[in-house]
Amino acid sequence: MSSPGAPAAGYRSGFAALVGRPNVGKSTLLNALIGQKLSIVTPRPQTTRHRILGVLTLPQAQICFVDTPGLHAQAGRALNKAMNRTAATALADADLAVLVVEAGRWNNEDELALERIREGGRAAVVAVNKVDQVRPRERLLPYLQELAARHAFLALVPVSALKETNIGDLRDTIATHLPLSPPLFPDGELTDRGPAFRIAELIREKLTLELNQEVPYGIAVEVERLQEQDGQLQVDAAIWVDREGQKAIVIGAGGARLKRVGRSARLALNGILGRRLHLNLWVKVRENWADNARALKELGLE
């Protein structure tokens, strides 16, 4: 006889790695699958730099989704190489690969992601994202047929992460292909990332949206102090840029840009963390940190 609260017979649990080329919508998909914001999202490729775990506990399964940096062929900088290694490690540790592709498109970086899945010998399903953008819809069927011919995928599921179309079907499909296992995480646990990481990432999201093309990849955010004080969470965060000339760009005329970023981040974090937060931001220079292995390690990127 099973004990109270024990998983039923046939319960499945495991890690499902979301892999694919940059800017294909993996982070938006993770947030849709989990039902809340865990990964930051911007229009810029390679926004995701870390492995992001999101745990979804269902009556019949626990799916441990792992969002990964986009796999890219041109990995010149140390940061890009570190991101590729992060994605490869997450895939190697997964029970199932979820290849995320953009409906109607296939390029060399999609092929690279598929090759990594083949090399790792991982079973895979495909999330065919952005189906809402396919016009006319009749174009989707031949694309799915071409995709099915590329590899022996377990399933192909058309979705729109942005519109949250067919997300339930994708969840169920993934759950079906996980190993028989009791839950790997306690009920109610959402992620293994703490508040400092989530705060730093949200600040970086707001910075990326504000800066657009001005400081492409030379920005990192580090929370230096996180302390409870007078009913508020006091946060001191450093924004690292990799050249002296970028500092003034991030701060803006009279500090206006930094104030906008701080306010936007604070309001978003109040909602995500469910509490009041006081945010202090400083901009600091660390020359060429994105090409410095030691700096990457210190910033948690390696």
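Below, the figures for the structure above:
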{"quantity": "For the stretch 176-253: relative contact order, % (alpha-carbon pairs under 8 angstrom, 6 or more apart)", "calculated": "22 percent"}
{"quantity": "The stretch 89-211: C-alpha gyration tensor shape, a/c 1.5 cut-off, then a/b vs b/c", "calculated": "oblate"}
{"quantity": "Cross-link partners of Lys259 among aspartates and glutamates (Cα-Cα below 19 Å; sequence separation of 8 or more within a chain)", "calculated": "Glu201, Glu205, Glu210, Glu214, Glu222, Glu224, Asp236"}
{"quantity": "Estimated [θ] at 222 nm from DSSP helical runs (n ≥ 4, -39500 (n - 2.57)) normalised by residues in the chain, nearest 500", "calculated": "-11000 deg cm²/dmol"}
{"quantity": "Relative packing of 177-184, 145-152, 47-54, which averages over residues the other C-beta atoms within 10 Å, highest first", "calculated": "47-54, 177-184, 145-152"}
{"quantity": "Peptide ranges 252-260, 155-163 listed from the most packed, as the mean C-beta count within 10 angstrom indicates", "calculated": "155-163, 252-260"}
{"quantity": "Dipole of the chain [Lys/Arg +1, Asp/Glu -1 at C-beta], most positive-end residue of Thr42, Val285, Ile251", "calculated": "Ile251"}
{"quantity": "Least to most buried among Leu279, Leu33 (fewest other Cβ within 10 Å first)", "calculated": "Leu279, Leu33"}
{"quantity": "Prolate/oblate/rounded call for the stretch 166-302, Cα gyration tensor, a/c under 1.5 rounded", "calculated": "prolate"}
{"quantity": "Rough spin-label spacing in nm, given labels placed 7 Å along Cα→Cβ, for Gln133 and Asn107", "calculated": "1.1 nm"}
{"quantity": "Shape category assigned to the stretch 12-176 from the gyration tensor of Cα positions, a/c cut at 1.5", "calculated": "rounded"}
{"quantity": "Cα→Cβ-extended label distance, 7 Å offset, between Gln227 and Ala256, nm", "calculated": "3.3 nm"}
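Every number here is computed from the coordinates shown, using simple stated rules; none is lab data. Predicted, not measured: the structure shown is a model, and the values here were computed from it. Note that we place each Cβ from the backbone using ideal geometry, even for glycine, and neighbour counts take in every protein chain shown.
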